[in-house]
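A quick write-up on the structure given underneath.
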Amino acid sequence: MPTAPRRVFLLSPANAGGERARLVLNANARFDLAERLRTGDVSLGEVFSFVSGLYFRGKLAYARAFAAPPRGVPGAVVITGGYGLVPPDTPVSLAQLLEIAAVPIDAGRRAYREPLERDARLLLEACGRRCSFVLLGSIATQKYVEPLVSVFGERLLFPIDFVGRGDMSRGGLLLRCARAGIELEYAPVAGSIRHGPRPPRLPRIRPGIEPPVALDRPLSPHPVATSPPATPRSRKKSPGLPRT
């Protein structure tokens, strides 16, 4: 009996240097999320959901609804500055979030690109040949596309309905699909049309908060696969991250 196709989602990051990020990073902030961040009692997905709002919440909800990863591999990972690919349920501290914010998401920056490509190669090896990788993020920019296509090639996909939509429209679309149980159609990123006319505006939905992300394992610059990679080359220790 043939094995069912597998799918892992790659979530583009929230802007860790933006206005909402500065709120949660403020040492004097007294709201719940900021206080839990200072004690390390919060996940990367929860922080990025606050920082990015609807867009990241939509990506996270959609990935939870439709991920089909191989055994021992997370169904979704988040692209980060300096830390490569990190599962969204990973606990994060204030110091670690500051390090992530200090590394620009720029394909020309080694501090961003090298950990990303390292983890992408490890993920590719851990997932085997029948797994595809769906980028939930902008394909109109090289900052995600270039490093990821260099590793995943034609197995890197994206939702066709993303073409022409802005961040908020994508987030709303993903949240609706997750709630309705309707999966979008995907196409390979390589060779695709990445720009198009803006589609009709989505009808409004009532704002809501997704269930809190479970805290699972500590944040580290180590491989994203939870089961040991098969080859000795994949077991090399990951390089340390630049400190700010």
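Can you name every residue in region 62-74 that is in a helix (DSSP H, G or I) and either in contact with a Ser or Thr (Cβ under 9 Å, 6 or more places away or on another chain) or crowded, with 21+ Cβ neighbours inside 10 Å (or both)? Steps first, please.
Taking region 62-74 and keeping what is in a helix (DSSP H, G or I), we get 62-66.
Within region 62-74, Y62, A63 qualify.
Restricting attention to region 25-51, the residues that are touching a residue at least 60 places away in the same chain (Cβ under 8 Å), farther than 16 Å from V77 by Cα and assigned to a helix (DSSP H, G or I) total 2. Scanning region 75-106 for residues that are surrounded by fewer than 21 Cβ atoms within 10 Å (Cβ to Cβ) and among the polar types (S, T, N, Q) returns a single hit, S93. The condition of being farther than 22 Å from Y144 by Cα and either out of contact with any Leu (no Cβ under 8 Å at 6 or more places or on another chain) or modelled with pLDDT of 90 or more (or both) holds for only one of A14, A34, that being A34. Scoring N15 on the criteria (1) in contact (Cβ under 8 Å) with a residue 40 or more places away in the chain; (2) under 13 Å from the mean Cα position of the chain (by Cα) leaves a single failure, condition (1). Take the residues in region 111-167 that are in a helix (DSSP H, G or I), out of contact with any helix residue (DSSP H, G or I) (no Cβ under 6 Å at 6 or more places or on another chain) and small (G, A, S); name whichever of them is surrounded by the fewest Cβ atoms within 10 Å (Cβ to Cβ). Among those residues, the one meeting the criterion is G153. Would you check if there is a residue in region 125-132 being closer than 25 Å to V73 by Cα, of a type outside the set (A, V, I, L, M) and free of Cβ contacts under 8 Å to residues at least 24 places away in the same chain? There is at least one residue in region 125-132 that is closer than 25 Å to V73 by Cα, of a type outside the set (A, V, I, L, M) and free of Cβ contacts under 8 Å to residues at least 24 places away in the same chain.
The values are calculated or read from the model by the stated rules, or taken from the named source; none is laboratory data. Keep in mind that what you see is a predicted model, and the values were worked out from it rather than measured. Positions of Cβ are backbone-derived with ideal geometry, glycine not excepted, and every protein chain shown enters the neighbour counts.
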